[in-house]
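I have placed the structure first, in the form of structure tokens, so that the comments after it can refer back to it.
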């Protein structure tokens, strides 16, 4: 079964998530400072989150999603298929 093997692989996930947050923040015309105020944190914390340098907690992601007027969706999708079972679009 494939697994994350190094901290760098987790870092890729955090960076990707941070990039998505930054894109949405910019799309909505907010500065990092304004997003920080809306979420009850600091501008430097938002910067670390967007840069992937901070491991996001679920409650933080929920506050960010709320501030950006977005829904937060978490899904588990299988990376492999099970014989006679799950398809590529199945969820765990």
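Readers should treat all values here as calculations from the given coordinates under stated rules, not as data from a laboratory. Predicted model only: the values in this text are computed from it and were never measured. Cβ placement follows ideal geometry from the backbone for every residue including glycine, while neighbour counts extend to all protein chains displayed.
Answer rounded, prolate or oblate for the stretch 37-85, using the Cα gyration tensor with square roots of eigenvalues a ≥ b ≥ c: rounded when a/c is under 1.5, else prolate when a/b is larger than b/c, else oblate. Spell out each step's value before the answer.
Numbers: a/c = 4.42, a/b = 2.26, b/c = 1.95.
Because a/c hits 1.5 or more and a/b exceeds b/c, the stretch 37-85 counts as prolate.
In terms of surrounding Cβ atoms within a 10 Å radius of their Cβ, 25, 79, 54 rank from fewest to most as 79, 54, 25.
For 64, 55, the sequence from fewest to most other C-beta atoms within 10 Å is 55, 64.
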